[in-house]
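Enquirer: Got a structure for you, written out below as C-alpha cells; questions coming shortly.
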Amino acid sequence: MSRWISFLALSVLVTMTGCDPQLNIAGAYFPAWLACTLGGLFLFWLLHLVFLKAGLLPYLFPLPLVYGALIASLSCILWLLFFAAP
Amino acid sequence: MSDPLSGGKLLRRTLGILISVASFVSVAVLAWLVDQNIAKNPRTEDAQVRANVIGVATQVGGTITGIHVKDNQLVHKGDLLFEIDSRPYAAEAEKAKAQLALTELEIQAYQDQIAASEAQLKQSEAKAAYAVDYAKRVQALVGNLYVTIDKNQLAQTEAVTATDKVSQDKAALERARNLLGNQGDVNVRRIAAQAALKDSELKLSYCKVYATCDGYVTNLQITPGAYAAVGEQIFSLVDKKIWYVLANFRETDLKRMRPGMSVDVYLMAESGNKLRGIVQGVPKAVVALNTPSNNAPGGEGILSRVSPTIDFILLAQRYPVRIVLDEPEGHSFRMGGTASVIVHTGSDIEEGMKVITRLQQVQDTEFVSPMGGAGRIPLNE
C-alpha cells in the first residue's frame with residue numbers, strides 16, 4: 001500500500017503539470033472531476049472482476065462502504081495524476 | 001480455478017480484511033491530498049475573458065456623413081473612424097472668427113473713447129479751475145459793492161457747475177475704461193472672443209472621430225445618414241492590447257490570493273492549451289446576492305432593509321478576481337469567452353508583479369484630444 005502511494009506521489013511529481021480541467025466532448029464541456037469519477041468507476045469494475053475471480057467478495061466488509069471507498073480512491077488517484085496542480 | 005489464493009480460506013480472509021482497511025485508509029489519504037492540492041491551488045470554472053471596451057460616441061451632434069471602418073475591423077490608434085456633417089460647425093467657427101475681428105475693432109473704438117474722455121476731462125478741469133478762481137475773486141469784491149450780488153451768485157453757480165462737470169467727466173472716463181474691459185494687462189473682451197473661437201474650432205474638430213486605441217470595431221450597425229446625438233455610443237472598440245480573465249472565486253479562496261500570483265488559464269476556445277495569467281487584483285466589494293437583506297445606503301428611505309428569514313444553507317459569495325493574460329499576441333481572445341483558471345498560491349509573486357508592470361505599460365497610453373493635430377491624434381508612441 002505504501003509503495004502504491006509512493007508510486008502515486010512519484011507519478012504526480014513526474015507529470016508535474018495539470019491538464020485542462022474542462023474536457024471537450026463534442027462541443028460540450030465536462031468538468032475534470034466527472035471524468036475522474038467515470039474513470040474511477042471503470043477501474044473499480046476491473047478491480048471488482050479481480051476480487052470476483054479471487055473469491056474475495058465474501059471477505060470484504062462492509063462491502064458497500066469498501067466499494068464506495070475504492071471508487072472514491074481510484075477517482076482521486078486519476079484526478080491527482082492528471083488534473084492536480086504541480 | 002488454479003488461483004493460489006483459492007487454496008486457503010484463511011489467506012483470503014486476511015487479504016479481505018487488509019483490502020477493506022486499506023480502502024478506508026487510502027480514501028482518507030487521497031481525499032486529503034486532493035483537498036490540499038485544491039486549497040493551495042484554488043480553481044474555478046466560473047471565469048470569462050474580458051477586455052477594455054470603448055463606447056465610441058460623438059462630442060457633437062449631427063448627421064453621419066461617412067463611416068471609414070467596417071464591423072469587426074482592426075483599427076489603429078489615430079485612425080479616422082467616422083465623420084459628422086461639419087458644415088454647421090464650420091459656419092460656427094467662421095462666425096467666431098468674425099466675432100473676434102469685430103471685438104478687436106470694438107477694443108480700438110473703446111480705446112479711442114477713452115482718449116476722447118481724457119481730453120474732455122482735461123478741458124473741464126481747466127474750466128473748473130478758472131471758474132473757481134473767478135468765483136473767489138468775485139466773492140472778495142462783494143463786500144465793497146464792486147460787483148452786484150447777482151454777478152457774485154452767477155460766478156458761484158458757474159464754479160459749482162464746472163466742478164460738477166469735472167466729476168461727471170471723471171465718471172465718463174471710468175465708464176469708458178470699464179467698457180474697454182482691461183483687467184491688468186489682459187483684455188477680457190478679447191479673451192472671451194478667443195475662447196469662443198477655440199470652442200467652435202474644437203467642436204469642428206470633433207466632427208471627425210478617431211480611434212483612441214488599437215482595437216476591433218464591434219457591433220457597428222449603422223450607415224451614413226444616421227443621426228448621431230451628443231454622447232450617444234455609435235459602436236464599440238475592443239482594446240486589443242490587454243486582455244483579462246475575471247474569475248469568480250468563492251470568498252473562502254480569497255484569503256490566500258495576492259496580486260502577482262501565477263495562474264494557469266484554460267480557454268474553451270483553445271481547448272487543452274494552457275495559458276499563463278497573473279493575478280492583478282482581488283476585489284473588495286460586490287453586491288451581496290445571497291441575502292434578502294439590503295444594508296446599502298440610500299434606497300428604501302435610507303434605512304437598511306433586513307429580512308427576518310435567511311436560507312438554512314448559505315452559499316459562499318463569489319468575487320471576480322482580475323487576472324491579466326500574459327503574452328496576448330498570437331491568440332484570438334474574444335471578450336466573454338469561457339475560461340477556467342487555477343491560481344498557484346505558492347508561485348513567485350515578485351516575478352508576477354514584474355509581468356503585470358510590463359503588461360500595463362502597454363495599456364497606460366493617455367488619450368489625446370483630436371484638437372491640435374493635422375486631422376489625426378498626435379501619436380505618442
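Each value in this text was obtained by applying a stated rule to the coordinates, not by laboratory testing. Remember, predicted model here, so these are calculated numbers, not experimental data. Heads up, the Cβs are rebuilt from the backbone with ideal geometry, glycines too, and the neighbour counts pull from every protein chain shown.
Enquirer: Hey, what did the stretch A:21-86 get for relative contact order, percent, Cα under 8 Å, at least 6 apart?
Expert: Reported relative contact order: 42 percent.
Enquirer: Moving on. How much of the calculated P(r) for the stretch B:187-331 lies past 27 Å, in percent of all Cα pairs?
Expert: Percent of Cα pairs beyond 27 Å in the stretch B:187-331: 58.
Enquirer: Round to a whole angstrom and tell me the spacing of the C-alpha centers of the stretch B:151-222 and the stretch B:62-133.
Expert: Spelled out, the Cα-based centre of one part sits 10 Å from the other.
Enquirer: To continue, here is another question. Counting Lys and Arg as +1 and Asp and Glu as -1, each charge on the Cβ, what is the dipole of the stretch B:195-260 about the Cα centre in debye, to the nearest 20?
Expert: The dipole magnitude comes to about 340 debye.
Enquirer: While we're looking at this one, here's another question. At B:VAL306 and B:GLN59, where each label point lies 7 Å from the Cα along Cα→Cβ, what is the point-to-point distance in nanometres?
Expert: 5.0 nm
Enquirer: If amide H atoms are built 1.01 Å from N in the plane of the peptide, which residues on other chains or at least 5 residues away come under 5 Å of the amide H of B:GLU232?
Expert: HN-HN under 5 Å from B:GLU232: B:THR58.
Enquirer: Select from B:THR148, B:ALA192, B:MET335 the residue farthest towards the positive end of the dipole of chain B; place +1 on Cβ of Lys and Arg, -1 on Cβ of Asp and Glu, and compute about the Cα centre.
Expert: Positive-most Cα among the choices belongs to B:MET335.
Enquirer: Per DSSP helix of 4 or more residues, -39500 (n - 2.57); summed, then divided by the residues of chain B. What does that give at 222 nm, rounded to the nearest 500?
Expert: Result for chain B: -14500 deg cm²/dmol, rounded to the nearest 500.
Enquirer: Also, I was wondering about something else. Could you check the spin-label model distance between B:ASP164 and B:GLU125? Points 7 Å from the Cα along Cα→Cβ, value in nm.
Expert: Each label point lies 7 Å from its Cα, and together they span 2.2 nm.
Enquirer: With each pseudo-label sitting 7 Å past Cα toward Cβ, what's the B:ASN295-B:ALA91 distance in nm, one decimal?
Expert: Calculated label separation equals 6.0 nm.
Enquirer: Let me ask something additional. Please arrange B:ILE19, B:ILE323 by how many other C-beta atoms lie within 10 Å of their C-beta, fewest to most.
Expert: In increasing order of surrounding Cβ atoms, one gets B:ILE19, B:ILE323.
Enquirer: Where in chain B are the DSSP H helices whose alpha-carbon span along the long axis reaches 15 Å or more and whose Kyte-Doolittle mean is at least 1.0?
Expert: Answer set is B:9-40.
Enquirer: I've got another one for you. Got a sec? Which residues in the stretch B:99-121 would a label at B:ALA192 touch, if it sits 7 Å along Cα→Cβ and we count backbone N under 17 Å?
Expert: B:99-111
Enquirer: Between B:THR252 and B:THR14, take the C-beta separation as r, use R0 = 35 Å, and let me know the FRET efficiency to the nearest 0.05.
Expert: That gives a FRET efficiency of 0.20.
Enquirer: So, R0 is 51 Å and r is the distance between the beta-carbons of B:ALA31 and B:GLN361; what FRET efficiency does that work out to, to 0.05?
Expert: 0.70
Enquirer: Turning to a different aspect of this structure: Among B:GLY215, B:VAL306, B:LEU81, flag the residue with its Cα farthest along the positive direction of the charge dipole of chain B, charges on Cβ as +1 for Lys/Arg and -1 for Asp/Glu.
Expert: It is B:VAL306.
Enquirer: Determine, from the Cβ-Cβ distance of B:ALA116 and B:GLN183 and an R0 of 25 Å, the FRET efficiency 1/(1 + (r/R0)^6), rounded to the nearest 0.05.
Expert: 0.70
Enquirer: Please state the relative contact order of chain B as a whole percent: Cα pairs under 8 Å, 6+ residues apart?
Expert: 27 percent
Enquirer: Holding the Cα-Cα limit at 30 Å, pick out from B:LYS122/B:LYS198; B:LYS77/B:LYS354; B:LYS70/B:LYS198; B:LYS241/B:LYS284 the pairs that are longer than that.
Expert: Listed pairs above 30 Å: B:LYS122/B:LYS198; B:LYS70/B:LYS198.
Enquirer: Need one word for the protein assembly as shown: rounded, prolate or oblate. Basis is the Cα gyration tensor (sqrt eigenvalues a ≥ b ≥ c); a/c below 1.5 gives rounded, then a/b vs b/c decides.
Expert: Prolate shape, in that a/c is at least 1.5 and a/b is the bigger ratio.
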